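K.L.:
Have a look at the structure that comes next, please.
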Amino acid sequence: MGQIQLVTFELSGEEYGIDILKVHEIKRLKEIGITYVPRAPEFVEGVINLRGDVIPIIDLAKRFELETEKNEKETRIIVVKQEEKYIGLTVDRVNEVLTIDSEVIEDPPQEISQINSFYISGIAKYEERLVIVLDIGNILSPREEEEITKTAGKGRK
Amino acid sequence: MSAKVLVVDDASFMRLNLKNILESEGFEIIGEGTNGQEAIKLYQAERPDVVTMDITMPEMDGLAAMEKIIEMDPQAKIIMVSAMGQETYIKKAILKGAKNFIVKPFKKEKIVETLNKVLAS
Amino acid sequence: MEKIDFEKFKKLFLQEADEQLEVMEKAVMELEENGENRKVIDEFFRMAHSLKGSAGSMGYSAIADLTHQMENVLDKLRNNPGSLNDDITDLLFISIDTLKHLRENVEKDIPEEENPDIQHILERFQDFISIETDGKKKANVEKKIQLTSQELKNLKEKAGENNVLLLCFELIQQQEMQSMMAFLVLNNLKDEGEIVKTFPHHLEEVEGDLPYFSILICTEKKEEDLVKLVEQTLDREEFKVFPLEDIEQGKASDYFQEIKENFSRRDESRDSIRVDIEKVDQLMKLVGELVIDKERLLEISKNIKANSRENSEAQALLQTIPHVDFIATELHESVMDIRMYPVGSIFKRFPRLVRDISKQTGKDIHLEFSGEDTELDRTILQEVFDPLVHLLRNAIDHGIEAPSQREKSGKPSRGTVALNAWQEENNIVIEVKDDGAGIDPEKIKTRALEKGLVTEAQLEEMDQESILELIMEPGFSTSETVNDLSGRGVGMDVVRTNIEKLDGEVEISSEKGNGTSIKIVLPLTLAIVQALMVREKGNDYAIPLSAIFETIAVNGQNYKEVIKTVKNREVVVWRDQVIPLIRLSEFFLLGDSHQEGFLIIGGVKGRMMAIMVEAVIGEQEIVIKSLGDFLGKDKLFGEIPGISGATIKGNGEVALILDIQGILKSFKKGGEAIER
């Protein structure tokens, strides 16, 4: 088996990785004006203009229901490409590009992380580090029932 | 004597455009209104020979302004300036006494011709 | 012939044959549908004749032989009006199919001797040609202006001292809104006498393909006075006046026919070039970018204006920018225009399809068209073909009853399916309408319950329209038998999904026993529209101008006058109508609303509402960016009522586009109505 390159980043204290082939570019949060989308699920921060295309920005911590405190200086948007669609993911900090052997990636055990294993495609153990490799497809899948009720509830008085 | 025209449109470009066209054809622009309220005031003060009136404007739209002006001066000659698809408004405007209409975007010849026709009536 | 030349000729032959076959096929359908028509036969003959010629010179003898016989039978028809019958049309159909087959063989270089045997067809032709036929000539002249003798008599009585005049108008200079021009003319004339009649009856029909109309007036005024009056709106060359005698003698009608023909000729003779559609799409994309930049320039120019009155360079720039704006707008219009195609271009593919389906199902179908020249963005038009095929199949297969059944219910044995298209404000409507059995709501209810699509309780709550709409739910299919006509598994849900992808809607209405109408309502264009920008809680939203009637500023002074409370709901009294008030910040759950701001009065036909926003920024052109990848059921954002897409503002940021119809719908359902 060959090697894989992961873009790694931090989210609420844990380290995550996305296959570099899925990553289109990385932007600073401060650089862009995000337009809020009313009545969208809570994890949708809004939409931005990416060279003429309108793409959504997803707050990954909220998507994973993690507690996090944003330090806007370090917050980055990772623009990923999934099925010809571009989507931006906000993360607390981008670390590096990590080259590892694909064998190092193991199937995710159930309770490895704070986040739902639905979003995880594997765990990379590399030196002393544990990188949670994300399944982009599942992150971008439609909002679930519970979230619908949550957002709808938000507005009711 | 050149005909006196009041141009009413909330978009400054449209006003400028009309002004350029009409002045080059020897019309005299006696005022520019940016909404219906202004149009009425300017009409009262200047008594132009003809008015070009945009339909969709803030404050008071062209339709309402046209009605008010016709109330004041039943002889008023008002040309509605409309975007595509505003048939319903045009129809109302005609029923209420608008003399003609122009569809945006218009050609220079068209607007001049329409103005001349209305002025001749 | 040199090999290379031969290939070149062959290519040309095939190309021409395609065109000739298409015309022939159209002609035979025309003959079958409307009976004999000399012009159609002549054209048919001409095509057969040229195909015969080129096939002969290329050595394709089967094609040459067959076309030769077709020529003979057509010639016979010409010389013996009234001899056309179903056998002949059938034979002509078979011949065209065979010719198509032979043409394929030419393309595949299959040798002549391996062609199918056409001897039996040739013999059938022989039979016809040798039989002497006679019959009555069918009158098939369409007259636009026709008065019954009774009407004429009444007119003469009425005339007395008055003038009865027919004014015929041909709006040759008016580019758009011809119907409104017609309306203006009519409005100016209505005080001059009694308007007896107009042709067409509804002046709204005066558009594009029908840029002419007539007004029959009975007046005390003299002809020249009326002419002067009309000249206030139209040029003298655009209309003609006929006195009553001319109407009686049919001169007026002839004139009408003539201008109609002139018009269609002018249409045909236009010079044209073929352009790869990708190039047009590319052009469109570039124009979109240009429009965005143009808006940016306009914004910059506002700032310059304030800052540098003395700087002559800046002033020069300020003068140039409006011109750029103007050119960008014109360019956009022009490119949009290139993309517009008449719906007739897909309609013409249906007669054959309908004929085939009716043969297969044993149903006798008359297919009608109207509004073929209604234009639609090419991309939308392509996407709409398959759904239309499906609707047509449904109409014939499930809508129209078997001839015997129809007779029993007192209907003509021949069923009618109509394909109608028209423009309705900023939408194009394509309707598939049949006079068949209609949809039985009870059956739908039973079926929907069976399939578990709804509960009894839900059904109770539903109105007729919603019940009919159940047939578009996935998993619903009313067909009792599965056959190859309706396409297994592909149902109305696919139709709806495809149409919704285009930002369109499907509307169903049906009357049990009397037929069904399914309307596809589509946006006129997808790309660029004129919009009003508004602001709420720091965010800008674009509202297409087509949906807006008026904007009203609300402040402390007029608040109580404008906004009232009825049954705990806020309403606005606007032009004698009471319409609901929706506060954007509340609808979008953005927080508490405000007392001052602007009311955007908008909506569609009779369903109006007022939306309260903080500020109105102004009108601008917006390029519509689809959010279709993210917006909607089972997508990332889910369904968000009130948002239809996005656009990019002059400063490069995104603004969402408000969907007035969506807000209204959501309000109508009551789910999001704001109780106060």
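K.L.:
Please go through region A:54-67 and pick out each residue that is over 14 Å from A:Phe9 (Cα atoms) and either in a loop (DSSP other than H, G, I, E, B) or touching a strand residue (DSSP E or B) at 6+ places or on another chain (Cβ under 7 Å) (or both).
P.N.:
Keep residues of region A:54-67 that are over 14 Å from A:Phe9 (Cα atoms), which gives A:54-58, A:62-67.
Passing the criteria: A:Val54, A:Ile55, A:Pro56, A:Ile57, A:Ile58, A:Phe64, A:Glu65, A:Leu66, A:Glu67.
K.L.:
Follow-up. Looking only at residues in region C:152-177 that are touching a residue at least 24 places away in the same chain (Cβ under 8 Å) and out of contact with any helix residue (DSSP H, G or I) (no Cβ under 9 Å at 6 or more places or on another chain), which one is nearest to the other protein chains (Cβ to nearest Cβ)?
P.N.:
Start the filter on region C:152-177 by keeping residues that are touching a residue at least 24 places away in the same chain (Cβ under 8 Å), which leaves C:152, C:155-156, C:158-159, C:161-174.
Next cut, out of contact with any helix residue (DSSP H, G or I) (no Cβ under 9 Å at 6 or more places or on another chain) only: C:158, C:161-162.
On the way: C:Lys158: 26, C:Glu161: 27, C:Asn162: 24 Å.
Per the criteria, the residue is C:Asn162.
K.L.:
Residues in region C:532-545: is at least one within 26 Å of C:Arg496 (Cα to Cα) and either without any contact (Cβ under 8 Å) to a residue 24 or more places away in the chain or assigned by TED's automatic domain parsing to the domain that holds C:Val654 (or both)?
P.N.:
yes
K.L.:
Filter region C:300-313 down to residues that are at pLDDT below 80 and part of a helix (DSSP H, G or I) and give me whichever is nearest to the chain's Cα centre (by Cα).
P.N.:
Keep residues of region C:300-313 that are at pLDDT below 80, which gives C:302-312.
Next cut, part of a helix (DSSP H, G or I) only: C:302-307, C:312.
Numbers: C:Lys302: 41, C:Asn303: 44, C:Ile304: 45, C:Lys305: 45, C:Ala306: 47, C:Asn307: 50, C:Ser312: 51 Å.
Here the answer is C:Lys302.
K.L.:
Taking A:Ile57 as the residue in question, decide whether it is more than 7 Å from chain C (Cβ to nearest Cβ), closer than 21 Å to A:Arg93 by Cα and β-branched (Val, Ile, Thr). Give the derivation first.
P.N.:
Values: more than 7 Å from chain C (Cβ to nearest Cβ): yes; closer than 21 Å to A:Arg93 by Cα: yes; β-branched (Val, Ile, Thr): yes.
Spelling it out, A:Ile57 is indeed more than 7 Å from chain C (Cβ to nearest Cβ), closer than 21 Å to A:Arg93 by Cα and β-branched (Val, Ile, Thr).
K.L.:
For region C:633-643, indicate whether the set of residues that are within 30 Å of B:Ala11 (Cβ to Cβ), in the same structural domain as C:His594 (by TED's automatic domain parsing), surrounded by fewer than 23 Cβ atoms within 10 Å (Cβ to Cβ) and modelled with pLDDT under 85 is non-empty.
P.N.:
No, region C:633-643 contains no residue that is within 30 Å of B:Ala11 (Cβ to Cβ), in the same structural domain as C:His594 (by TED's automatic domain parsing), surrounded by fewer than 23 Cβ atoms within 10 Å (Cβ to Cβ) and modelled with pLDDT under 85.
K.L.:
What residue, among those in region B:21-43 that are in a loop (DSSP other than H, G, I, E, B) and over 19 Å from B:Lys99 (Cα atoms), is farthest from the other protein chains (Cβ to nearest Cβ)?
P.N.:
If we filter region B:21-43 for residues that are in a loop (DSSP other than H, G, I, E, B), which is where we start, we get B:25-27, B:34-35.
With the extra rule that they be over 19 Å from B:Lys99 (Cα atoms), the set shrinks to B:25-26, B:34-35.
Working: B:Glu25: 17, B:Gly26: 20, B:Thr34: 10, B:Asn35: 9 Å.
Among those residues, the one meeting the criterion is B:Gly26.
K.L.:
Within region C:605-630, can you find the residues that are within 9 Å of chain A (Cβ to nearest Cβ) and farther than 30 Å from C:Ile321 by Cα?
P.N.:
Once the filter is applied, which keeps residues that are within 9 Å of chain A (Cβ to nearest Cβ) and farther than 30 Å from C:Ile321 by Cα, region C:605-630 yields C:Leu627, C:Asp629, C:Phe630.
K.L.:
For the structure I just gave you, tell me whether C:Glu114 is more than 18 Å from C:Leu12 (Cα to Cα) and of a type outside the set (Gly, Ala, Ser).
P.N.:
Numbers: more than 18 Å from C:Leu12 (Cα to Cα): yes; of a type outside the set (Gly, Ala, Ser): yes.
So C:Glu114 fits the description; yes.
K.L.:
For region C:214-223, check the following and say yes or no: at least one residue is open to solvent by 30 Å² or more (accessible area, probe 1.4 Å), at pLDDT below 80 and among the acidic types (Asp, Glu). Before you say what the answer is, go through the steps one by one.
P.N.:
Kept after step one, since they are open to solvent by 30 Å² or more (accessible area, probe 1.4 Å), are these residues of region C:214-223: C:220-223.
Retained after the next criterion (residues that are at pLDDT below 80): none.
No, the conditions are met nowhere in region C:214-223.
K.L.:
Between residues in region A:14-27 that are under 16 Å from A:Ile123 (Cα atoms) and residues that are of a type in the set (Gly, Ala, Ser), which pairs lie under 9 Å by C-beta distance while being six or more apart or on different chains?
P.N.:
Final answer for the pair search is A:Glu14/A:Ser113; A:Tyr16/A:Ser113; A:Gly17/A:Ala124; A:Asp19/A:Ser121.
K.L.:
Residue check, B:Met1 against (1) over 28 Å from C:Glu299 (Cα atoms); (2) at pLDDT 90 or above; (3) aliphatic (A, V, I, L, M), all met but one. Which one?
P.N.:
With respect to (1) over 28 Å from C:Glu299 (Cα atoms); (2) at pLDDT 90 or above; (3) aliphatic (A, V, I, L, M), B:Met1 is out only on (2).
K.L.:
Enumerate the pairs (first residue in region B:92-107 and within 7 Å of chain C (Cβ to nearest Cβ); second residue anywhere and assigned to a loop (DSSP other than H, G, I, E, B) and surrounded by fewer than 17 Cβ atoms within 10 Å (Cβ to Cβ)) with beta-carbon separation below 6 Å, excluding pairs fewer than 6 apart on the same chain, so at least 6 apart or on different chains.
P.N.:
Qualifying pairs under 6 Å: B:Val103/C:Glu176.
K.L.:
Which numbered condition in (1) over 23 Å from C:Gln15 (Cβ atoms); (2) over 38 Å from the mean Cα position of the chain (by Cα) is the only one that C:Arg38 fails?
P.N.:
Going through the list (1) over 23 Å from C:Gln15 (Cβ atoms); (2) over 38 Å from the mean Cα position of the chain (by Cα), C:Arg38 breaks only (2).
K.L.:
Given the options C:Val654, C:Val623, C:Val604, C:Val616, name the one that is open to solvent by 10 Å² or more (accessible area, probe 1.4 Å) and modelled with pLDDT of 85 or more. Quick ask: steps written out before the conclusion?
P.N.:
Details: C:Val654 fails: open to solvent by 10 Å² or more (accessible area, probe 1.4 Å); C:Val623 fails: modelled with pLDDT of 85 or more; C:Val604 fails: modelled with pLDDT of 85 or more.
Just a single option satisfies the conditions, and that option is C:Val616.
K.L.:
Test of understanding: among C:Glu442, C:Glu424, C:Glu431, which residue is within 25 Å of the chain's Cα centre (by Cα) and open to solvent by 60 Å² or more (accessible area, probe 1.4 Å)?
P.N.:
Numbers: C:Glu442 fails: within 25 Å of the chain's Cα centre (by Cα); C:Glu431 fails: open to solvent by 60 Å² or more (accessible area, probe 1.4 Å).
Step by step, each of C:Glu442, C:Glu424, C:Glu431 is checked, and only C:Glu424 is within 25 Å of the chain's Cα centre (by Cα) and open to solvent by 60 Å² or more (accessible area, probe 1.4 Å).
K.L.:
Take the residues in region B:64-91 that are open to solvent by less than 10 Å² (accessible area, probe 1.4 Å) and more than 9 Å from chain C (Cβ to nearest Cβ), then tell me which one is farthest from C:Leu545 (Cα to Cα).
P.N.:
Filtering region B:64-91 for residues that are open to solvent by less than 10 Å² (accessible area, probe 1.4 Å) and more than 9 Å from chain C (Cβ to nearest Cβ), the one farthest from C:Leu545 (Cα to Cα) comes out as B:Ala76.
K.L.:
Looking only at region B:44-63, decide whether some residue is in a helix (DSSP H, G or I), in contact with a strand residue (DSSP E or B) (Cβ under 7 Å, 6 or more places away or on another chain), more than 10 Å from chain C (Cβ to nearest Cβ) and open to solvent by less than 30 Å² (accessible area, probe 1.4 Å). Full working, then the answer.
P.N.:
First, the residues of region B:44-63 that are in a helix (DSSP H, G or I): B:44-46, B:62-63.
If we keep only those that are in contact with a strand residue (DSSP E or B) (Cβ under 7 Å, 6 or more places away or on another chain) as well, we get B:46, B:62.
Okay, now just the ones that are also more than 10 Å from chain C (Cβ to nearest Cβ), so B:46.
Still in the running and open to solvent by less than 30 Å² (accessible area, probe 1.4 Å): none.
No, every residue in region B:44-63 fails to be in a helix (DSSP H, G or I), in contact with a strand residue (DSSP E or B) (Cβ under 7 Å, 6 or more places away or on another chain), more than 10 Å from chain C (Cβ to nearest Cβ) and open to solvent by less than 30 Å² (accessible area, probe 1.4 Å).
The values are calculated or read from the model by the stated rules, or taken from the named source; none is laboratory data. Since this is a predicted model, take the numbers as computed values, not measurements. Note that we place each Cβ from the backbone using ideal geometry, even for glycine, and neighbour counts take in every protein chain shown. Side chains are part of the model used for accessible areas, which takes the heavy atoms of the whole protein and leaves out ligands, DNA and RNA. Shrake-Rupley method; radii C 1.70, N 1.55, O 1.52, S 1.80 Å.
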